[in-house]
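The next block holds one structure in the form of structure tokens; read it before the comments.
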Amino acid sequence: MDLRDSSPSSTPNRDGNAGDDDGVLSVTSALAKDAALYFQSRKFAECVDVLNQLNSKKENDPKVLHNIAIAEFFRDGCSDPKKLLEVLNNVKKRSEELALASGEQVESGSNIGNNITSGSKGSGTTTSLPASNCASIIYADEFVSSVASLNIAVIWFYLHEYAKALSVLEHVYQNIEPIDETTALHICLLLLDVLLACRDASKSADVLNYMEKAFGVGNVSQGENGNTASQQSLNVVGKSSSDPNSSLISDVSCSDLAASVNASESPLSRTLSEDPLDEMFSTLDIGGQNLARHTGLTSANDLPRITVDRSISGVDLKLKLQLYKVRLLLLTRNVKLAKREVKHAMNIARGRDSSMALFLKAQLEYARGNHRKAIKLLMASSNRTDAAMSSMFNNNLGCIYYQLGKYHTSAVFFSKALSNCSSLQKEKPLKLLTFSQDKSLLITYNCGLQYLACGKPLLAAHCFQKASLVFYKRPLMWLRLAECCLMAVEKGLVKGSWAPSDRSEVRVSVIGKGRWRRLLIENGTTRNRHVDSVERDVWALGDDGQPKLSLPLARQCLYNALHLLNCSELSNSKSILPSDSSLEENELSDGASSKNSNYKNLPSNDSKASTMPAALINLNGDLKEPKGGTNQEGIQTFISYYEDICRRENQMIKQALLANLAYVELELENPLKALSAARALLELPGCSRIYVFLGHVYLAEALCLLNKPKEAAEHLSIYLSGESNIELPFGLEDCEQWRVKKHIDCEEANVGAAAAKNSSPEGLEDFMFLKPDEARGTLYANLAAVSAIQGDLERAHHFVTQALSLVPDSSEATMTAIYVDLMLGKSQEAVSKLKHCSHVRFLPSNQQFNKSS
Amino acid sequence: MGKKMLNFEEQCKIVNLLKSSSEQKSIEETLTEFFTNPKLRHFNVCYSLSLLLQDKMMLSSTERLVAFAILHRSYSSQKSAANPFISFLVNAACDEGAENYERAFILHLLGFGNSNSSKEFLKQSASEYIKKFDPSSQTFPQKEQLQKQYLEKAHPEPYACLLKSTAVKNVLADPDVPPGCDANSAEFDLEPGAKSKLGSGDRDEALSGLIANLSLEGLIPHWIRPLPPRFPVDEELVWLNPDNNHELQWDQGMCADTSRGAAVRDLIAKALRGPLAPNQQEQVLMELANDPKLVYHCGLTPRKLPELVESNPLIAVDVLIKLINSPEIAEYFTVLVNMDMSLHSMEVVNRLTTAVELPKEFVRTYITNCISSCENIKDKYMQNRLVRLVCVFLQSLIRNRIIDVKDLFIEVQAFCIEFSRIREAAGLFRLLKTLE
């Protein structure tokens, strides 16, 4: 917050100190000035005192109340942002009420004529003050407190409530033109941060684009921008403020024009000269205005904000915008462009605090898989005495090691990052920034992923549940929580679920001895895996205060995720529809293009459409960027490219959600619900082959449980080629995504290749799914089961034999084989299969017979 | 562990029952004694017995008779078709491999043949029944006949899961005897007092073990249900970057002097009512130029624009140029295009076209309005004046390439022809021709 009292002379700000006009400083404005000075020099207690005096003079003036709230907040050590929020919201509400009231008054007042000094409600108490007659006229827009809105958004931002911050800011941004430069700049910068945090690439690009134009930092990559800005502003000033002569005709902004007026003294002007105004038309009949118009056009359309009271120097602003641009490019995964822009940012940042630039560069290398380089850059940047910085540093290292498959190392860094955070919280005095620097919830999310990768579902779930305060709107978070539940059930960590060994084992009780020996296969029917399915309260808390992991909880999480995903799809299609209709409107109406969107300088819809094919061609991110980096088309191209990525990611998430849901419903013995989930999965466009396979398997099982073995068999038979041969349901290439990516740094490719080969990563278990052949065996086994149920024992026998050759360890296939043998009356073979199966555990019966097989 | 079918009490009950069958107690007596316990779960008991009966060797002949009697008696109060084990009994009665006395006993139980048969045969003990059995006295009906008599009236099977209803018995015989020996031979029975030898075992032990471990669930085909893979972690890890600092802002508008703005507002209000004096006009333009935001606060609204255009077109032009980025500019344009045609409005539009890029539709509509105004005006003198103005205006627009003539060619040409008597219209016409 800069209040440069030295500058007002050069800043003819409407809101500035206008005492020199009157020659008399009103009491209130003197007090206001004092308060501002105290605030500026961070003497908040004194500042509050002065403000209170002011408040007694101007009771309930929202702006005074606003500043009191701000000053008190700082005086009290930024301890209670929520309270400040409350006060500011009240201030804002009060301002809006006053604005409404005075708006009405102004409307009516203008009819009365000059009698506009009647004063509005807000200034009622100022009548005793000198010079208030005129000065206290407050118009509607005076009340619209953009500063209060900005501050509200700042607090939400620091509390990581980006959606709330966004809704406040978007409202202000829609009408940003009338807002004074300083506030407008702060609004735009904050809006950019919020939009990037919300990962809204398209709007970020709009705002960035607007800022480059409005704050004269356009074409950042073309040298020193200060010059261009001042030139542009000169144009504007030159045009609009050229001294109007007494004669109206000569109000021409361009001397060329004036000259040509004289030169082309046309007969028309003489004939029409009865009316002096007609003379104007003499200026019409001339050529050579193109030039004038062009300069006028650029300057007026791009109307740069003449940054009168800039709290940020030109180069700083330039660096800032450049870094935003890099962040936007990283968000949209435009690695190539990001690389160029980050280099440029590093150039601008020379000699300044460049930690942000270095972190971004490290992120870039991380995104490119150059992990070693990323580590180097982080090392170079980190000012590790600062807790906030070191928490980020450690977190990022954790990310890198995770990607390298070294989960345990990454765990160490994540927990370091967390302890940095907790030491940050203890720091005194509190700063507002501290709230946002507390990234512990974000780091906790990373921890959750890491625990999940290490096979620790309970710890992982704990992390995700904590992080859900920030991540609750992300479908992926809910999917992860569901995965924790499934893993916990799978590992037998949930009360009542089978221990992992029990799940895959066939337990056989051996009863009697000698000729009387009998084998009793214990878990004869489907293992009753689900637990507490009767428990109504899915969110029942365990002893540790955390919801107990269970299959019903998994189901709830999956539904949450699906709901969120559908909502975002809906809102996406919503945001597309109006813009389409506005396109038509644009053609029909008077073409008020600025009305189409809340976002300034939005590339018009048709340009968006025209860049779409280009974006599709350039899917590999190989953008042919024209010089200058970010012309509109380029931005549109990479944004639609990014939107495409997001769409595909959401599709993938949806596939995973439905597959998990079908699985969970089967586990919970709800075949009907499993059926619909599996159907929905198979209906998804562009479903990956792995999920198609799962969809068919789950669907077939659900059908089977619903006594429709014939339909079930049909679903499995799509993989049949010929009578009895099953094809691979998917190939190794389909599993690629699930593999641990062992990035070899490009630079190290030659050296590191050998080393990478024999270094076995910790995360071999990371690929947790069936190999294609095992999937094939699964299909065989399930076809065998279906055939057996249908009574086609011969076919069942064939399939189960195939299955056992592919998945010899599968207890399910063994059991089906035994079943088929028994049905065929081959009990001897059944017994020998049982004895040869590696997953059978023979238990002595309860009576203590000392017998083992 | 699977669910046990029998509780301990029931297990004891069954073991005792089977033991007592070899005694010289009448079957009736045994049955009555067995059913004295009201807490007995009939189905579980019967199901266990049926499983034991399926194992041909496990139960002795007398035990089997008693077990069959229990299966029948448990549900004897209802119609025979309601007995869940009726088909089991019927099948046993027709089993060619079974002993004839057993089959005859089941037929007796079912009351086959002699409908008024007394339950006399139950008055004897099981061993007596076997001893006294006369194979010639009994004829064995066909299975179909029995099924017709006892099963036909059976209710359609209630809903049951196919997967489970296809279950088979999950007990397998696995006699542990030396190779080559007959497992059924009694030589492997454990003789009391004798030294146990390889392959020998105690039947009672095995029996009670089975009874204790039997479960309701049979063996069914198993389905492989693969666990879905964990979703790949791609861009999901959160990378952290240093924050930009956003400070809370002081509202500098607090108690600010608004007199300067007020002066302009005052002048603008005046400008709506009539032309301003040159120095006033100069002041407005200068102040607007000095403070780029002032234009938003000068008190002008779209509704008031026509007055300003008529009274002070130059100020209107200046204000509109400054408002070009305002969200309200479209509204201003709408008002401008719809206001009455006049020299001043034309002047304003013309100046705007040279300063900023106007929406194409706006210019088009404006020209159309100009032309129709010319056509509709009644006063000849005024019409001449207006036509000449429009012509000059259009020429200017065309020369400055503000409009594309093609868009309006027909309209403008018709206009020129209609007013060809006016010199300027003829000039415009010539201009159009050169562009053709």
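Using only alpha carbon pairs under 8 Å that are at least six residues apart, calculate the relative contact order of the range B:359-435 and give it in whole percent. If you can, show how the numbers build up before the last one.
Numbers: 48 pairs, mean separation 23.9, N = 77.
Normalised by residue count, the contact order of the range B:359-435 is 31 percent.
Treating the angle as unsigned and between 0 and 90°, give the value, to the nearest 10°, between the Cα long axis of helix B:8-20 and the longest Cα principal axis of chain B. The angle comes out near 30 degrees. The label point for A:Arg689 and the one for B:Asp379, both projected 7 Å from the Cα toward the Cβ, are 8.5 nm apart.
The shape of the range B:257-355 can be summarised by an equivalent ellipsoid whose semi-axes, obtained from the alpha carbon gyration tensor, come to 20, 15, 12 Å from longest to shortest.
What relative contact order, as a whole-number percentage, does chain B give when Cα pairs under 8 Å and 6 or more residues apart are counted? 11 percent. What fraction of the Cα pairs in chain B, stated in percent, has a spacing above 40 angstrom? Within chain B, distances greater than 40 Å cover 58 percent of Cα pairs. Over all other residues within a Cβ to Cβ distance under 11 Å of A:His797, the charged ones net out to -2, with Lys and Arg as +1 and Asp and Glu as -1.
Think of it as helices only: each DSSP H run of n ≥ 4 in chain B is worth -39500 (n - 2.57), and spread over all residues that comes to -16000 deg cm²/dmol at 222 nm.
Would you kindly state how much longer the chain becomes between A:Leu469 and A:Ile718 on full extension, computed as 0.36 nm times their sequence separation minus their alpha carbon distance, in nm to one decimal?
Contour length minus the Cα-Cα distance gives 85.2 nm.
Entry for the range B:359-435 at q = 0.22, 0.25, 0.28 Å⁻¹: log10 I(q)/I(0) = -0.98, -1.26, -1.54, Debye formula applied to identical alpha-carbon scatterers, no solvent contribution. Taking Lys and Arg as +1 and Asp and Glu as -1, the other residues whose beta-carbon sits under 12 Å from that of A:Asp80 total 0. Remark: for residue pairs A:Lys63/A:Lys164; A:Lys43/A:Lys473; B:Lys56/B:Lys123; A:Lys336/A:Lys376; A:Lys93/A:Lys320; A:Lys361/A:Lys473, the C-alpha separation exceeds 31 Å in A:Lys43/A:Lys473; A:Lys93/A:Lys320.
Please find the FRET efficiency linking B:Ile417 to B:Glu282, where r is the Cβ-Cβ separation and R0 is fixed at 45 Å, and quote it to the nearest 0.05. Can you show the working numbers first?
Numbers: r = 44 Å, r/R0 = 0.99.
The value I calculate is 0.50.
In terms of distances greater than 31 angstrom between alpha carbons, the cross-link table entries A:Lys406/A:Lys466; A:Lys673/A:Lys835; A:Lys83/A:Lys439; A:Lys213/B:Lys270 yield A:Lys673/A:Lys835; A:Lys213/B:Lys270.
Compared with the dominant Cα axis of chain B, that is its longest principal axis, helix B:42-54 is turned about 70°. The distance between label points at B:Gln147 and A:Cys198 comes to 7.2 nm (points 7 Å beyond Cα on the Cα→Cβ vector). A Förster radius of 25 Å combined with the Cβ-Cβ distance from B:Phe409 to B:Asn369 puts the calculated FRET efficiency at roughly 0.90. Compared with the dominant principal axis of the Cα atoms in chain B, helix B:329-338 is inclined by about 50°.
Values quoted throughout were computed directly from the atomic coordinates according to the rules given, and no laboratory measurement underlies them. Predicted model only: the values in this text are computed from it and were never measured. Cβ sites come from the backbone with ideal geometry, for glycine too, and all protein chains shown count toward neighbours.
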